1. What about residue 160, is it of a type outside the set (Val, Ile, Thr) and open to solvent by less than 20 Å² (accessible area, probe 1.4 Å)?
2. Can you name the condition, by its number, that residue 112 falls short on among (1) over 24 Å from residue 64 (Cβ atoms); (2) of a type outside the set (Gly, Ala, Ser); (3) surrounded by 15 or more Cβ atoms within 10 Å (Cβ to Cβ)?
3. For the stretch 133-157, what are the residues that are in contact with a helix residue (DSSP H, G or I) (Cβ under 8 Å, 6 or more places away or on another chain) and of a type in the set (Val, Ile, Thr)?
4. Can you name every residue in the stretch 9-47 that is assigned to a loop (DSSP other than H, G, I, E, B), closer than 17 Å to residue 148 by Cα and open to solvent by less than 40 Å² (accessible area, probe 1.4 Å)?
5. Can you confirm whether residue 44 is within 17 Å of residue 152 (Cβ to Cβ) and touching a residue at least 24 places away in the same chain (Cβ under 8 Å)?
6. Scanning for something open to solvent by 60 Å² or more (accessible area, probe 1.4 Å), modelled with pLDDT of 95 or more and among the hydrophobic types (A, V, I, L, M, F, W, C), does the stretch 84-98 turn up at least one residue?
7. Within the bounds of the stretch 122-144, is there any residue that is in contact (Cβ under 8 Å) with a residue 60 or more places away in the chain, open to solvent by 20 Å² or more (accessible area, probe 1.4 Å), small (Gly, Ala, Ser) and under 26 Å from residue 169 (Cβ atoms)?
8. Checking residue 79 against (1) over 17 Å from the mean Cα position of the chain (by Cα); (2) open to solvent by 70 Å² or more (accessible area, probe 1.4 Å), which test does it fail?
Amino acid sequence: MSAAEPKVANGAPLGLLAFGLTTMLLNIHNAGFFGLSVTIVAMGFAMGGLAQIIVGIMEFIVNNMFGAVAFSAYGLFWWCLVIIWWKPLGDKAAGLDMGWFLTVWGIFSLVMFIGTLKHARSLQVVFGTLVLLFAALAVANFSGSATALHVAGWIGIICASSALYTSFGTILNHEYGRHIIPL
């Protein structure tokens, strides 16, 4: 790298943190612990959306196509979800339309999971559980089943936990200059 080229930090831990925190909060709701509130919507807009989009741009800069597509797309997913929840636009999506919305994101996530097969095992767990989460959420929306939504919530909590583990492990491994957290 020449002196003129800027050095860009690895944005992935921030993107995984944003994804993990937002997914955790939403899925604690989906598991039935509390209702949908402005806290989830705000987290979805700021951390789930904006932070991941910023990280996606950072990944484009360092020519990491997988990271660029993943973080940008999931950041925009969160913005779409916030718009869906925004009441002034009309009734919240539910049932078939939301089921199909989640299905197409599940298909995208499956393709991204296949891309993780050359990456760290922890990232495979994040994307593997994300595919299961989208499938469970689609079933819950197609069926209208509260039980299916609660099951999806628990899958989402596992998915979010794996993203947070990967984020924290990446940060700590970098800070200590060695692999102290297995990824």
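The values are calculated or read from the model by the stated rules, or taken from the named source; none is laboratory data. Since we're looking at a predicted model, the values are computed, not measured. A quick note on method: Cβ atoms are made from the backbone with ideal geometry, for glycine too, and the neighbour counts reach across all protein chains shown. For the accessible areas, the whole protein counts, side chains as well, though only heavy atoms, and no ligand, DNA or RNA atoms are used. Shrake-Rupley method; radii C 1.70, N 1.55, O 1.52, S 1.80 Å.
1. Numbers: of a type outside the set (Val, Ile, Thr): yes; open to solvent by less than 20 Å² (accessible area, probe 1.4 Å): yes.
Yes.
2. Unmet for residue 112, out of (1) over 24 Å from residue 64 (Cβ atoms); (2) of a type outside the set (Gly, Ala, Ser); (3) surrounded by 15 or more Cβ atoms within 10 Å (Cβ to Cβ): (1).
3. Within the stretch 133-157, 139, 151, 155, 157 meet the criteria.
4. If the condition is that a residue be assigned to a loop (DSSP other than H, G, I, E, B), closer than 17 Å to residue 148 by Cα and open to solvent by less than 40 Å² (accessible area, probe 1.4 Å), then 31 is the only one that fits.
5. yes
6. Checked against the condition, which is being open to solvent by 60 Å² or more (accessible area, probe 1.4 Å), modelled with pLDDT of 95 or more and among the hydrophobic types (A, V, I, L, M, F, W, C), the stretch 84-98 yields no hits at all.
7. The answer is no; no qualifying residue exists.
8. Condition (1) is where residue 79 drops out.
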